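This report concerns only the one structure given below.
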Amino acid sequence: MRKQLIAFGMAAMVASSAVTGIAYAQDDKGAVYYLVPTLLDEFQTGSVSALEMFLEQVGYDLTTLNADNKTDLQQSQMNDVIALAPKAIILAAVDFNALAPSVDAARAAGIPVIEFDRQISSTVSDFTSVAGTVEIGYVAADEVERLLTEKNGSVSGKVLQILGDPGDPYTLDIQKGFEEKMAAFPDVTIVTHPVLMWEASNAGTIVSDQLLANPDIDIIFSHAAHLSVAAVASLESAGKQPGDIYVMSSNGAPVALEMIRDGWMQVEVEQPLYAQAAAVAMFMDKIVAKETIEPGEYDVLGLTSVVSDEEWGPTIKIPGAAITAENVDNPAFWGNLQPPADPITSVE
Amino acid sequence: MSPSQRNGLEFVLDNLVWFMLLAVLAIFSLTIPNYFQPGIFANIVEQSSVLGVMSIGLALVIIAGHMDLSVESVAALSAMATGILFATSGIGLGITLTPGWLVVPVSLLLGLCVGAVIGLINGFLVVKIKMNAFIVTLSSFIWVRGMVVALSGGRSAQGLADEIRWLGIQRFLGIPVTAYIAILCFVGFSFMMAKTRFGRHLLMIGGNEVAAFRAGIKVEKVLMIAFVLSGAIAALAGWLLAIRTSGATANLGTGMLFNAFAAVVIGGVSLKGGLGALPGVYAGVLLLSSINTAINLMGLPAHYTQVIHGLLVLAAVLLDTLKQSIRKKLA
């Protein structure tokens, strides 16, 4: 009897694993490659985890290749991946224009290409999911307008803008959006300095120098949260207290949220990482099947996002949000590192 | 040329970088509003702290006739180790020690050990296995940075314990504490180079390794120590970087190797080895920081920083060649 029970148990286990295997096989819709520009910042590493999670929910296996911020390496990776004939390639380009021929080559080989986070407008792709770097600049400008009014009673004062690496189109786009909108306020002086290679201590040095050259700075706006950390260290070293000079940055990294809680930072403009990744997964079946993606409004993790038919292909724009002390604990912000619990579903 | 004229010329040649520094400071003070003030000079000295410390280790190995390209990555690894263990947010484990001040020596010791071990690996491969120092340390430059990325997973460790942060932000007589640490290092290692047998042996080995060996100097032992020191000093630079920025990111210190190289060359250390003094290296570091500050104050695009650094290195090498030619004529 005991032997029979054991045999029955083993048979049940085999059957169970076979069923699971079949179920897994049915869900396995194929391989998707994600070409990430670098793994040296938290947004990018976060994007890998988020894309892996959401794509798995809709049945795809994700493999990530890191270009280490090298354009030529990413071009080679594109060539290699094309040879592997995956279901799709997700590309966050190191250089927006230099990768355009590779996008064309992939599409010519019948592989759909999805632009993630970094929009390539010089050639056609199958889908683009972005927060809009120019739009992040707009949101930042709105917040500067609000903060200056709060601090000085009018939209006037001095803003130190700390860019990322001057060779990175990501930061140049934010600068474009920010300055475009700030042009409406002639009483605001913007002092701009780039940080070579996005290296934090360079940002600290800039702040130290500028506190002496421009002691009347009202707001420091840096294009990444880790730059603000060094900026705050320089403020502390200069004897400043939280709120003496307002600090804001963009990308929504966890450290920024910590600085808001500590009172050192007033605003962080979030790139909606989870929603950007979720949007890719939601539309993946349609992209792979080369079906038309209808323009219109879609709900992506609770954010109303708009798909538009652009000359470079269908594009979904997820709105970025301003994080302040009032909403900093909202779990929807990726900086709180609480991925959405509910699985996403493919768009029918 | 009279002996006094000759001595005067030799003095100028030996201290050319200091004269260059004074000239640059004078020009900037006259031409850039806000430049001539104590706060700016404090900033220049502060900016020189991390780069200065890193340059010391690099200079020691170059004076010995070798090369250490790994210093930047070693600094990053040391910073990340400090960040991961003692920072409270991001990937920081937030380890606390009792009493709290222990975190300063413990984190420093840990960083120094990490750097020394990598220096030991570099030294072993170069000195014992006779591999090319350029290739060995280039490899270390890559794999150590890879370790930083792997350890951090690309995420940052922020919010160092207050006891460490105090050192990073505190000033004494208007000068940041980190700058005093760098100056102390320069004084200590300058003394070592000028007054100890190890320093003299290092110079002799760099001048002519075979002759030094025949003169009874334990070449392998001295070179091993030089590489270990270079690694440990680079780790100290990384630790300073972490406390100055209150944490660590995976790209912390990126690009510092080239600036350290520029400082060493501008400071008069011969790439052929056997020639150079650490006070000159410090002057080279101060010169680069002065120019960076001027660029910041003038609002010039940062691209020009690299252009100017590159041209300065070229000018330094040219001057070095001219100096050697003049010395030959004097001799």
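A compact table of results
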item	result
Residues being in contact with a Gly (Cβ under 7 Å, 6 or more places away or on another chain) and surrounded by fewer than 20 Cβ atoms within 10 Å (Cβ to Cβ) - total across the stretch B:209-257	2
Some residue of the stretch B:104-119 being buried (at least 24 other Cβ atoms within 10 Å of the Cβ) and within 30 Å of B:GLY39 (Cβ to Cβ)	yes
Meets criteria (surrounded by fewer than 24 Cβ atoms within 10 Å (Cβ to Cβ) and facing chain B (nearest Cβ under 10 Å)) for A:LEU212	yes
Residue within the stretch B:91-98 that is open to solvent by 10 Å² or more (accessible area, probe 1.4 Å) and assigned to a helix (DSSP H, G or I) present	no
Any pair with Cβ under 7 angstrom, 6 or more apart, that starts in the stretch B:131-145 at a residue that is without any contact (Cβ under 8 Å) to a residue 12 or more places away in the chain and ends at one that is in a helix (DSSP H, G or I)	B:MET131/B:LEU125
Out of A:LYS286, A:LYS290, A:LYS240, sole residue that is closer than 24 Å to B:PRO176 by Cβ and of a type in the set (Lys, Arg)	A:LYS240
Among the residues listed as B:ALA116, B:ALA87, the single one being at negative phi and modelled with pLDDT under 95	B:ALA87
Filter result for A:VAL207 (within 21 Å of the chain's Cα centre (by Cα) and more than 8 Å from every other protein chain (Cβ to nearest Cβ))	no
Residue in the stretch A:284-295 that is among the acidic types (Asp, Glu) and in a loop (DSSP other than H, G, I, E, B) present	yes
Residue within the stretch B:246-258 that is more than 14 Å from chain A (Cβ to nearest Cβ) and hydroxyl-bearing (Ser, Thr, Tyr) present	no
Positions within the stretch A:176-201 being surrounded by fewer than 23 Cβ atoms within 10 Å (Cβ to Cβ) and within 14 Å of chain B (Cβ to nearest Cβ), in sequence order	A:THR189, A:ILE190, A:VAL191, A:THR192, A:LEU196, A:MET197
Where A:ASP165 falls short, out of the listed (1) of a type in the set (Asp, Glu); (2) facing chain B (nearest Cβ under 9 Å); (3) open to solvent by 10 Å² or more (accessible area, probe 1.4 Å); (4) touching a Ser or Thr at 6+ places or on another chain (Cβ under 6 Å)	(4)
Test for B:ILE308: is it of a type in the set (A, V, I, L, M, F, W, C), under 30 Å from B:ILE91 (Cα atoms) and assigned to a helix (DSSP H, G or I)	no
Where B:VAL281 falls short, out of the listed (1) within 13 Å of chain A (Cβ to nearest Cβ); (2) touching a residue at least 12 places away in the same chain (Cβ under 8 Å); (3) crowded, with 23+ Cβ neighbours inside 10 Å	(1)
Given (1) of a type in the set (S, T, N, Q); (2) closer than 30 Å to A:PRO254 by Cβ; (3) more than 14 Å from chain A (Cβ to nearest Cβ), number of the condition B:GLN324 does not satisfy	(2)
Condition met for B:MET54 (more than 14 Å from every other protein chain (Cβ to nearest Cβ), over 23 Å from A:PRO215 (Cβ atoms), within 21 Å of the chain's Cα centre (by Cα) and outside any loop (DSSP other than H, G, I, E, B))	no
Residue among A:ALA277, A:ALA281, A:ALA289, A:ALA322 that alone is farther than 15 Å from A:GLY132 by Cα and either touching a helix residue (DSSP H, G or I) at 6+ places or on another chain (Cβ under 8 Å) or buried (at least 18 other Cβ atoms within 10 Å of the Cβ) (or both)	A:ALA281
Out of A:ASP285, A:ASP299, sole residue that is modelled with pLDDT under 95, of a type in the set (Asp, Glu) and within 19 Å of A:ALA50 (Cα to Cα)	A:ASP299
Of all residues in the stretch A:131-157 being over 15 Å from A:VAL267 (Cβ atoms) and surrounded by fewer than 17 Cβ atoms within 10 Å (Cβ to Cβ), the one that is nearest to the chain's Cα centre (by Cα)	A:SER156
Residue in the stretch B:125-145 that is part of a helix (DSSP H, G or I), buried (at least 19 other Cβ atoms within 10 Å of the Cβ) and modelled with pLDDT under 95 present	yes
Single residue of the stretch B:57-74 satisfying the filter (open to solvent by less than 10 Å² (accessible area, probe 1.4 Å), more than 14 Å from chain A (Cβ to nearest Cβ) and not aliphatic (A, V, I, L, M)) that is farthest from B:MET131 (Cα to Cα)	B:GLY57
Total residues in the stretch A:34-72, condition open to solvent by 60 Å² or more (accessible area, probe 1.4 Å), within 14 Å of chain B (Cβ to nearest Cβ) and in a helix (DSSP H, G or I)	2
Selection within the stretch B:21-33 - at pLDDT below 90 and surrounded by 14 or more Cβ atoms within 10 Å (Cβ to Cβ)	B:ILE32
Hits in the stretch B:190-214 - residues which are touching a helix residue (DSSP H, G or I) at 6+ places or on another chain (Cβ under 8 Å) and either among the aliphatic types (A, V, I, L, M) or under 29 Å from A:ALA233 (Cα atoms) (or both)	B:MET192, B:MET193, B:LEU202, B:LEU203, B:MET204, B:ILE205, B:ALA211, B:ALA212
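Residues checked against (1) outside any strand (DSSP E or B); (2) within 14 Å of chain A (Cβ to nearest Cβ); (3) in contact with a Lys or Arg (Cβ under 9 Å, 6 or more places away or on another chain):
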| residue | (1), (2), (3) |
| --- | --- |
| B:ARG155 | yes, yes, no |
| B:ILE183 | yes, no, no |
| B:PHE191 | yes, no, no |
| B:GLU220 | yes, no, yes |
| B:VAL228 | yes, no, no |
| B:TRP239 | yes, yes, no |
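Residues checked against (1) among the hydroxyl-bearing types (Ser, Thr, Tyr); (2) away from chain B (no Cβ under 14 Å):
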position	(1), (2)
A:VAL229	no, no
A:ALA233	no, no
A:GLN241	no, no
A:SER250	yes, yes
A:LYS290	no, yes
A:SER305	yes, yes
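Results for (1) at pLDDT 90 or above; (2) part of a loop (DSSP other than H, G, I, E, B), shown as yes or no for each residue.
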position: A:VAL307; (1), (2): yes, no
position: A:PRO319; (1), (2): no, yes
position: A:ALA325; (1), (2): yes, yes
position: A:ASP329; (1), (2): yes, yes
position: A:PRO340; (1), (2): no, yes
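The values are calculated or read from the model by the stated rules, or taken from the named source; none is laboratory data. Nothing here was measured: the structure is a model prediction, and the numbers come from that model. Counting neighbours? That spans all protein chains shown, and the Cβs are built from the backbone with ideal geometry, glycine included. To get the accessible areas, we keep the full protein, side chains included, count just its heavy atoms, and leave off ligands, DNA and RNA. Shrake-Rupley method; radii C 1.70, N 1.55, O 1.52, S 1.80 Å.
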